[in-house]
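The values are calculated or read from the model by the stated rules, or taken from the named source; none is laboratory data. Not measured: the values here are computed from a predicted model. Counting neighbours? That spans all protein chains shown, and the Cβs are built from the backbone with ideal geometry, glycine included. Surface accessibility is based on the protein's heavy atoms, side chains included, excluding ligands, DNA and RNA. Shrake-Rupley method; radii C 1.70, N 1.55, O 1.52, S 1.80 Å.
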Amino acid sequence: MDKLIEHFRAHPASVGETYFEHMGVALSFGAALLAAGLACLVHAFFPFLFTTTARRAIADLHRRVVTHRDRRPEAGKAA
């Protein structure tokens, strides 16, 4: 049982989050991706709708995932 619990905690801990913090962040990323995907599907049929939605979603997710993702205190320090 301890090994199983460790599997649930290892990755979130690697980015400085608890399991539930990580769950919230992952769910918010998933929701943003779903919304952008749906906007792209609508845009395919109606090209005048959602003309910048996917681009903005990608830019926002890049900022959140790549630029500001690691919450560990030592992650912000220069090597």
Distance (nanometres) between label positions extended 7 Å along Cα→Cβ at Lys3 and Ala59: 4.8
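Per residue, how much accessible area does segment 1-74 show when a 1.4 Å probe rolls over the protein heavy atoms, in square angstrom? Don't jump to the answer; show the numbers that get you there.
Details: 5730 Å² over 74 residues.
Roughly 77 Å² per residue, with all protein chains present.
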